[in-house]
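Colleague: This is the structure I want to talk about, given as C-alpha cells.
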Amino acid sequence: MGQVAERQGKLADALYAPLLAANTVHPNGWPVRVIVASQTEARHNRGVWAPSHLISIRAPGTKLLSMIELPAERHLELLFGDVTDPEEPDAATAADIDRAFAFVDGLPEDAHLLIHCLRGIGRSTALTLGILARYMDPEEAAAALHGLRPEAKPNRHVTGLCDATLGLKGRLARQALRFPAKVWKPAKN
C-alpha cells in the first residue's frame with residue numbers, strides 16, 4: 001500500500017507542476033499547483049488527479065455528481081451560473097471572488113488545487129485567470145492559463161469581477177478576450 005501511495009504522490013506532483021518557482025505573495029508560499037477542468041473531466045480523473053483542495057463552481061439548483069471526497073475545509077463550493085449579465089439572478093458576485101481568493105490564501109505550500117465547474121469551463125478558467133493574476137501580471141497570467149487550458153473561454157463577467165477585485169482597471173479583462181487561442185503570442189503594446 002505504501003508504494004502505491006508513493007507512486008500516486010509522484011504522479012500528482014507531476015500533474016500539478018508549480019507555475020512559480022517561489023511565491024512570496026502567497027501567505028504560505030503556495031507556488032500555484034493547479035488543474036482547471038469541467039466537472040465531467042474532474043469526475044472521470046478524480047482518482048488520478050487526487051487534488052488536496054477543490055473549488056467547485058455550479059449554478060444554483062444543480063448537483064455535484066460523484067465528485068472527489070474532501071473534508072469541508074478543503075472544498076469550496078461556489079454557486080453562480082455561467083452568465084455574463086451581472087443583473088441575472090444567478091450571476092457571480094464580488095463576494096464569490098472574495099471567498100475564492102480567501103480560500104486560496106489558506107492553501108498550504110504543498111497544496112494541489114483542482115478548480116472545476118459544471119457545464120463547460122468558462123467559470124473555472126475565469127476564476128483561475130483571476131487567481132493567477134494575483135501572483136503575476138495579467139499577460140503572464142493569461143499565458144499561464146493558456147498553458148493549463150489552451151481552449152479556455154473565460155467567462156467575461158467572472159473575469160471582470162476578478163479584474164475589479166484586483167484593481168487591474170480592465171487589463172485582465174482584455175487578456176481574457178484573447179481566448180481561445182491555438183498558439184499564445186505576447187500581446188503587442
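The values are calculated or read from the model by the stated rules, or taken from the named source; none is laboratory data. Source: prediction; values computed, not measured. Glycine also receives a Cβ, built like all others from the backbone with ideal geometry; neighbour counts cover every protein chain displayed. The protein model used for the area step is the full one, side chains on, heavy atoms only, and it has no ligands, DNA or RNA in it. Shrake-Rupley method; radii C 1.70, N 1.55, O 1.52, S 1.80 Å.
Colleague: How much accessible area per residue does the chain have, counting only protein heavy atoms and a probe of 1.4 Å, in square angstrom?
Modeller: Normalised by residue count, the accessible surface of the chain is 51 Å².
Colleague: A further question follows. Over 27 Å between C-alpha atoms is what I'm after, so list which of 63/153; 63/185; 63/169 land there. Before the final figure, lay out each step's value.
Modeller: Values: 63/153 23 Å; 63/185 38 Å; 63/169 35 Å.
Flagged as over cut-off: 63/185; 63/169.
Colleague: Now for a separate question. Compute the Cα gyration tensor for segment 58-109, then decide on rounded, prolate or oblate, letting a ≥ b ≥ c be the square roots of its eigenvalues: rounded whenever a/c is under 1.5, prolate when a/b is larger than b/c in the other cases, and oblate in all that remain.
Modeller: Values: a/c = 3.48, a/b = 1.35, b/c = 2.57.
Note, shape of segment 58-109 comes out oblate.
Colleague: Can you give the direction-averaged projected area of the convex hull of the alpha-carbon atoms in segment 86-170, in nm²? Walk me through the numbers on the way to the answer.
Modeller: Working: hull surface 23.3 nm².
The orientation-averaged projected area of the Cα hull of segment 86-170 comes to 5.8 nm².
Colleague: Here is a further query. What does the charge count near residue 120 come to, summing +1 for each Lys or Arg and -1 for each Asp or Glu among other residues with Cβ under 12 Å from its Cβ?
Modeller: Overall, the nearby charge balance is +2.
Colleague: Can you tell which of 154, 89, 51 shows the greatest fluctuation in a Gaussian network model of the chain with Cα springs below 10 Å?
Modeller: Comparing 154, 89, 51 in the GNM, the peak value goes to 89.
Colleague: Ok, one more. Considering only protein heavy atoms and a 1.4 Å probe, what is the carbon-and-sulfur percentage of the accessible area of segment 39-117? Mind dumping the intermediate values first?
Modeller: On the way: 1890 of 3840 Å².
That fraction is 49 percent.
Colleague: For P(r) over Cα pairs in 5 Å bins from 0, in percent, the choices are [x] 1, 7, 14, 15, 13, 11, 10, 10, 9, 6, 3, 1, 1, 0; [y] 1, 7, 14, 19, 20, 18, 12, 6, 2, 1, 0, 0; [z] 1, 8, 17, 21, 22, 16, 9, 3, 1, 1, 0; which was calculated from the structure?
Modeller: Evaluating P(r) over Cα pairs in 5 Å bins from 0, in percent on these atoms matches [z].
Colleague: What is the sum of charges around residue 52, taking Lys and Arg as +1, Asp and Glu as -1, for the other residues whose C-beta is under 12 Å from the C-beta of residue 52?
Modeller: -2
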